[in-house]
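The values are calculated or read from the model by the stated rules, or taken from the named source; none is laboratory data. From a predicted model like this one, the values you see are computed outputs, not experimental measurements. With ideal geometry, Cβ positions are generated from the backbone for all residues, glycine too; neighbour counts draw on all protein chains shown. In case anyone asks, the SASA skips ligands and DNA or RNA and just uses the protein heavy atoms, side chains included. Shrake-Rupley method; radii C 1.70, N 1.55, O 1.52, S 1.80 Å.
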Amino acid sequence: VDFTGAEGVGNVSALIDYNEHTVILVINANAVGSVGIYGSGGVAGDGEVYMTKNGGGGFGNSSYRGAVSNAHSSTFVVAGTFSILIQRVSATTMTFIEDGDQIDTFAMSGTHGGTLTGIVIGNDNLSGNGITGSIGEVLVYSSAVSDADLNTLCNTLATKWSVPWTNL
């Protein structure tokens, strides 16, 4: 699906569990500046997840659990090429993975007890601040997928989309 920055796809209310999930995206984001890749459109303090591309060439991931923000940023993909981006959230950690490179893992805390608001692909909350580029595939799991299973899934995606993948 190609995005021009103003739109998003989806918003299924129970699609993602903020406390534990894995989101895998095959993406080619061309935009510069701060833009949303996917998000729940939730409210900090109630529950929210998102992945963004920031103006400094990095990408950020966040999973709000109650009033606790578990956000972190790291290096982003090269614009103009497809990459496999993964946000994996377990009960105790959030991990960012890009093309098989585990960019960062950090501790998570808090619990989400609010209403699940679903997710929007191509934008973080339908604010009109979405990506310019293409999203080839999206896989959403309601658990923290193991390294072995990610390798199986992502080797298939890497072959399909001609993306390099280094096994975790």
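Here are some notes:
- Counting only strands (runs of 3 or more DSSP E) wholly contained in region 1-43, the ones carrying 1 or more residues that are under 21 Å from Ile97 (Cα atoms) and modelled with pLDDT of 70 or more occupy 21-29, 35-39.
- If the condition is being surrounded by 18 or more Cβ atoms within 10 Å (Cβ to Cβ) and touching a helix residue (DSSP H, G or I) at 6+ places or on another chain (Cβ under 9 Å), then region 130-168 contributes Val145, Val163, Trp165.
- Every pair of residues 6+ apart whose Cβ atoms lie under 7 Å, when the first sits in region 1-19 and is under 22 Å from Trp161 (Cβ atoms) while the second is at pLDDT below 70 and open to solvent by 40 Å² or more (accessible area, probe 1.4 Å): Gly8/Leu126
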